[in-house]
Every structure is written in structure tokens, then in C-alpha cells.
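No value in this document is a laboratory result; all are computed from the given coordinates. Note that this is a predicted model, so its numbers are computed, not measured. Note that each Cβ is placed from the backbone with ideal geometry, even for glycine, and that neighbours are counted across all protein chains shown.
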Amino acid sequence: MKPYFFETVWMTTQATGTPHAAHLQEANEGLVVHVRESVQGVGDERQHLWRNCDRNIREWWRANRAEVQTDAVLVLEWDVFCDVDLRKVIPPLATGCGIAAASIVTPVTAIRSFWPFEDLFRLPREMQGLACATAPLAVLLISRAALDAILATEYDAIFDADIFCELRLPTIIRYAGFGVAAMDLPNVHCTPCRPTFADIWHPVKTSL
């Protein structure tokens, strides 16, 4: 089997942990896995941190990019369940593509049906015409070049603003000149589920 073209990072908190990590590692021997444990928060703070969880991806990359040896990183939320060899279900990014997710939506097709577009006009005016969103943020394949690009200081104020993560991150990556793409991940969505066969599933809230 060919080597992994990505390393993986779990995005989690101390409270949620990584309940499905053992299943991932058992199915992916040799995969390099990192963990980003952020603050959970309570009440309104928790809601704010959840809305802006893409900041954790940015800050993890700022602190750890020198340790990553691959040209892409697979970002997983803590409640992703995976018991399949990721090399069989995660395709390489096409040339020029910066981010891939289970689904990519735009205001043209989903401004009324996808509520994160309520934050569209919180984006800088020059970005609004390029706006897109991941649905959901749970499984993201991001190129090293795109991760480097989002560290630019010109994006600091945008990351400091309260803009829903599923809109902000892919829009910035697209604005930076990268393509965005969808992956064939039919069991990655927003409705709680339980795995019924080997695949990537989200969200799986309980240990199995």
C-alpha cells in the first residue's frame, strides 16, 4: 500500500477527548496523528468558541507546521468515527486545490437553506463574491500551501471577528487563490449517527 500523503490532526477539547482514536489508528497503521486540544468554554463562551473553531486549525498549524512532513493535512473533529484505511476514501487534492470537504456550498445555491450564510456580510466586501462553505467542517483535507496562506497577517482581523467557521475558512482559502472541492463522504453530515459498516462517519457522539 502506498504511503499516506497526509498527516491527521484531531480537533478536540479536554472534555470531549478523542473517543474514536483507537479505531482510526487500528485501521491506519503508520498514519501520523496529532491532537489539538482547545478550551471547551461554558455558556455563551462555548457557543462563541464553537462558531469560531477554525481558529484552532490556524493556530495549530502555526505552532506545528515544522513537524508535519506531508503536503496535506486531514483535519478531523473529535466526533468523527473512522474504521477504514483513509487512503481508500480520501483522494489527493487536485493541482491548485487548497481544501476539500464532504460538501461545498455557495450563496448562489444555498443562501436560504444553509444558515451559516447569515454571516456572509460579516466577511470583507472583497471576499463576499468568492464566499463558499463546507457542510460540515468535520472532515477537511487542506494543502500545506493553503495552511501557510491563511497564516498571513492580512487575515488576522477576519479570524478575530465572529464569523462562522464553515464559511470563513474555505472562503479565505478560495480568496487566497486556491480551489475548493467536495469529497465523496456520504456518511459525513450533521445528524447524529452510528456506524453500520467500515467508513468515515460523523457525528458519532458516543464511544463504540
Q: Please give the FRET efficiency for Lys205 paired with Met1, using the beta carbon to beta carbon distance and R0 = 25 Å, rounded to the nearest 0.05.
A: 0.20
Q. Once you charge only the Cβ atoms, +1 for Lys and Arg and -1 for Asp and Glu, what is the size of the charge dipole of the chain about its Cα centre, to the nearest 20 debye?
A. 300
(Q) With θ taken as phi - 60° and the coefficients 6.51, -1.76 and 1.60, list the Karplus ³J(HN,Hα) couplings across segment 185-201 in order, rounded to whole Hz; mark glycine and proline as x. (A) 10, x, 9, 9, 8, 10, 9, x, 8, 10, x, 10, 7, 5, 5, 9, 10
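What FRET efficiency do you get for Phe121 and Leu151 if R0 is 22 Å and r is their Cβ-Cβ distance, rounded to the nearest 0.05?
Working: r = 25 Å, r/R0 = 1.14.
Here the calculated transfer efficiency is 0.30.
Please work out the FRET efficiency for the pair Arg55 and Lys88, using the Cβ-Cβ distance as r and a Förster radius of 41 Å; give the result to the nearest 0.05.
Numbers: r = 31 Å, r/R0 = 0.77.
Efficiency computed from Cβ-Cβ geometry: 0.85.
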**Q.** Pair Glu45, Phe197: separation of 7 Å Cα→Cβ label points (nm)
**A.** 4.5
Q: Tell me the GluC sites (Glu not before Pro) within segment 110-186 that lie in a loop according to DSSP and have at most 15 other beta-carbon atoms within 10 Å.
A: none
Q) How do Cys165, Cys193 rank when sorted from fewest to most other Cβ atoms within 10 Å of their own Cβ? A) Cys193, Cys165
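Which loop GluC sites (Glu not before Pro) in segment 1-81, with loop taken from DSSP, have no more than 13 other Cβ atoms within 10 angstrom of their Cβ? It would help to have the intermediate numbers written out before the result.
Working: sites: Glu7, Glu26, Glu29, Glu37, Glu45, Glu59, Glu67, Glu77; in loops: Glu29.
Here the sparse-neighbourhood loop sites are Glu29.
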Q.
Can you compute the label reach from Thr70? Point 7 Å from Cα along the Cβ direction, backbone N cut-off under 18 Å, restricted to segment 144-170.
A. 144-148
(Q) For a quick check: with amide H placed at 1.01 Å from N, whose amide H comes under 5 Å from Cys97's, ignoring anything fewer than 5 positions away on the same chain? (A) Gly179
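Can you tell me the convex hull volume per residue for segment 84-161, based on C-alpha atoms, in Å³ to the nearest whole number? Write down the numbers at each step before the final one.
On the way: hull volume 10.1 nm³, N = 78.
Spread over its residues, the Cα hull of segment 84-161 gives 129 Å³ apiece.
Give me Rg over Rh for the chain, both radii from the alpha carbons and Rh done the Kirkwood way, two decimal places.
Numbers: Rg = 16.2 Å, Rh = 17.3 Å.
The Rg/Rh ratio comes out at 0.93.
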Q. Taking every DSSP beta bridge that has both residues in segment 7-201, what percent is antiparallel when rounded to the nearest 5?
A. 40
Q.
Positive end of the dipole of the chain, charges at C-beta (+1 Lys, Arg; -1 Asp, Glu), about the Cα centre: which of Leu76, Leu185, Phe197 has its Cα farthest in that direction?
A. Leu185
**Q.** Residue-wise HN-Hα coupling along segment 130-143, computed from phi with Karplus coefficients 6.51, -1.76, 1.60 (Hz; x: Gly, Pro)
**A.** 9, 4, 8, 9, 8, 9, x, 7, 4, 10, 10, 9, 10, 6
